[in-house]
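Beneath this line is the structure, given in structure tokens, with notes to follow.
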Amino acid sequence: MSKSLPEIVAAIDLGSNSFHMIVCRLNDGKLQTIDRLKEMVRLASGLDKRNYLDDETQTRALACMERFGQRIRNLSPESVRIVGTNTMRTAKNAQEFIEKAEKVLGHQIHIIAGIEEARLIYQGVAHSLSSNANVRFVMDIGGGSTEYIIGTGDTPHTKESLNMGCVSVSNGFFKNGKISALAFKEAVLFAEQELEPIQQRFHARLWDEAIGASGSLKAIDKVLQASQWSNNGITLAGLEKLVAYILQHKNIKDLNLPELDAERLPVFVGGVAIIYATFKILGVTQMTVSDGALREGLIYDLVGRIYHSDVRSETVKLLAERYHTEAAHAERVKQTVLYMLEQCNIFTRVDSELLTQFMAWASDLHEIGRDIAHHHYHKHSAYIIENADLAGFSSQDQSIIAALVRCHRRKFDLKYFQKLPSPWNAYAPYLCIILRLSVTLHRSRYDNHLPDFNISIDGSEISLKFPKNWLEQAPLTFADLRLEADYFKAGHFKLKFE
């Protein structure tokens, strides 16, 4: 490997209820946990009716991240993974908040889709349990969403994320902590309605064991054991007793449940409504609780990237196959892209290996839209990349690749790059130019060998230099480059070639 491996790795889960950080020592591919931090921030509680995150909640969250940042600020970027979940997906002012958060953390935050969150949760659970051949059902109640996964061993094969969580349900049905039989019934009905479309895919007849993986489910499990309402994890009979107890009270402050932390109390009843509805709709009768969750899944995913076992590469391969791309042509384009990248030294703010990965993925996927329609296929390609559930990719990752693919032919519009995270917003126009030039040079789609040539980038001027007389012998390529030069002018770039 070209780079030394990090000794310390860290992962942070910026959840809608709690923020979690895990720090591990990495030794020969094995992880030793050396630090864990958790703070209940209740980010989802800060969303107003228009889905803007209020200032008070932002201040509370940033104070927590400042403490986390003190622990990880000096770690290298490739040894840290930080993700935001449902609330950051939902908040309309998320980007503004993320910019402030990244400053105090000293590292980039990636927003992940609910399906990617489900995949990582399953990875965290699978690594925390002994391997067996059982088909597992895994459930994780977050602050703003609940994930459901079915898998075998280390592999999840059915994943879903529903827009309900312990914070959102508590705020929606038990305002100011008030409890009533009607409110609880309505909360359960709401959860059942959310579950109804996935009932057939996740029903108990399809799996062997149920595993819970969240603070809410751990808290419910502890309460059931301490109250002697269950002696075997979370059971339906135990939940019935817990619900009956809750409905004897008019406010959550009146609940006197053993082993329930005071900070968990405000969102406890919302979590109970979700698990109760899940047991009823999916036919669950018993569930054990795992220590592994999203942050553990993040750590193991990060280690995979460090040891060049990146799930994102497999995702790209499967996506290209699904949309029947011409693999040989994509490979030709990719090799020429990488050849040009090696000659350019302007991309100093992004790790060269990461840069190579993203450009390779863009090359592999730039024609997937042809499977939909040849006309404007670059637009179809970009739409798929940006909106599909792609395992391993954050929403920012997908936006970067989509922008490169969207502009790899025809109109060269800089607006598609402006909203990308820094420094990609500055580099993407140049990267897209390299992709465009490679596609242009391989427009014949033949396996003809390109000669060695030079590319240089100086500000807005792009220069290509081919062997003497080569362009004269390739009049179609010459004409294509002239057309590209006209497109580049719209982006205020000048293409010179000889």
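For segment 401-436, the set of residues classified as among the hydroxyl-bearing types (S, T, Y) and under 23 Å from D389 (Cβ atoms) consists of Y416 only. Starting from residues that are of a type in the set (F, W, Y) and under 20 Å from the mean Cα position of the chain (by Cα), keep the ones in segment 347-387 and report whichever is farthest from C432 (Cα to Cα). So the residue we want is Y383. Among the residues that make up segment 125-136, is at least one of them among the β-branched types (V, I, T), in the same structural domain as L206 (by TED's automatic domain parsing) and more than 28 Å from V350 (Cβ to Cβ)? Yes, there is a match, as at least one residue in segment 125-136 is among the β-branched types (V, I, T), in the same structural domain as L206 (by TED's automatic domain parsing) and more than 28 Å from V350 (Cβ to Cβ).
The residues listed here are L441, L450, L431; of these, the one that is under 30 Å from W470 (Cβ atoms) and at pLDDT below 95 is L450.
The residue pairs whose first member lies in segment 208-237 and is not assigned by TED's automatic domain parsing to the domain that holds V269 and among the small types (G, A, S), whose second member is part of a helix (DSSP H, G or I) and buried (at least 18 other Cβ atoms within 10 Å of the Cβ), and whose beta carbons are closer than 6 Å, counting only pairs six or more residues apart or on different chains, do not exist in this structure. Checked against (1) within 26 Å of the chain's Cα centre (by Cα); (2) in contact (Cβ under 8 Å) with a residue 60 or more places away in the chain, R201 passes all but condition (2). Counting only residues that are within 14 Å of the chain's Cα centre (by Cα) and either under 18 Å from V80 (Cβ atoms) or assigned to a loop (DSSP other than H, G, I, E, B) (or both), segment 315-326 holds 0 of them. Against the test of being in contact with a strand residue (DSSP E or B) (Cβ under 6 Å, 6 or more places away or on another chain) and farther than 22 Å from Y487 by Cα, the options S422, S395 yield a single qualifying residue, S395. Within segment 303-314, the set of residues being under 20 Å from I401 (Cβ atoms) and in a helix (DSSP H, G or I) comprises G304, R305, V311, R312, S313, E314. Anything in segment 269-289 that is part of a loop (DSSP other than H, G, I, E, B) and surrounded by 21 or more Cβ atoms within 10 Å (Cβ to Cβ)? List them, or say none. Hit for segment 269-289 is V284, nothing else.
Candidates are the residues of segment 158-202 that are acidic (D, E) and in contact with a Phe, Trp or Tyr (Cβ under 8 Å, 6 or more places away or on another chain); the one that is nearest to L390 (Cα to Cα) is E160. Checking each residue in segment 209-253 for being surrounded by 13 or more Cβ atoms within 10 Å (Cβ to Cβ), over 26 Å from the mean Cα position of the chain (by Cα) and not in a helix (DSSP H, G or I) picks out E209, S227, W229, S230, G233, I234, T235, L247, H249.
Close Cβ contacts (under 8 Å, 6 or more residues apart or on different chains) running from residues in segment 327-353 that are in contact (Cβ under 8 Å) with a residue 24 or more places away in the chain to residues that are of a type in the set (A, V, I, L, M) and assigned to a loop (DSSP other than H, G, I, E, B) comprise T336/L450.
Pairs are defined by a Cβ separation below 8 Å, a sequence spacing of at least 6 or placement on different chains, a first member in segment 461-490 that is among the hydroxyl-bearing types (S, T, Y), and a second member that is at pLDDT below 95 and assigned to a helix (DSSP H, G or I); the pairs so defined are T477/L471. Screening L471, L476, L435 for residues that are under 29 Å from V350 (Cα atoms) and in the same structural domain as D397 (by TED's automatic domain parsing) leaves exactly one candidate, L435.
If you check L390 against the conditions, is it at pLDDT 95 or above, under 30 Å from P156 (Cβ atoms) and part of a loop (DSSP other than H, G, I, E, B)? Criteria met by L390.
The values are calculated or read from the model by the stated rules, or taken from the named source; none is laboratory data. No experiment lies behind these values; they were computed from the predicted model shown. Glycine also receives a Cβ, built like all others from the backbone with ideal geometry; neighbour counts cover every protein chain displayed.
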